[in-house]
Amino acid sequence: MIKKKKREFLDEELREYRAIPAKKKLEFLARMNAFLAKVTPPKSKRLWKKLKQEGY
């Protein structure tokens, strides 16, 4: 079993993130979503869709 490292955030990192406008954060998420839609194999997309329909 692979043990995941816990990522801790510094106060300064959190302040920097909070300073970013919500619109800019949403634009970044939209660009990432478009990128993932392009590079994700069709089989993976089908599996993700199935999991989403099952409530995951």
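Read-outs throughout are calculated quantities, based only on the coordinates presented, and are distinct from any laboratory measurement. For clarity, every value in this text was computed on a predicted model and none was experimentally measured. Cβ sites come from the backbone with ideal geometry, for glycine too, and all protein chains shown count toward neighbours.
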The chain, convex hull of Cα, quarter of hull surface, nm² -> 6.5
If each K or R counts +1 and each D or E counts -1, the residues other than Lys43 whose Cβ falls under 12 Å of its Cβ total +4
So for the chain, taking the charge dipole from beta-carbon charges (+1 Lys/Arg, -1 Asp/Glu), which of Gly55, Phe35, Phe9 sits furthest toward the positive end?
Gly55
What is the count of Lys pairs in the chain whose alpha carbons sit under 21 Å apart, if the two are 8 or more places apart or on different chains?
5
Using 0.36 nm times the number of residues separating Lys45 and Arg18, minus their current alpha carbon distance, what extension gain do you get?
6.5 nm
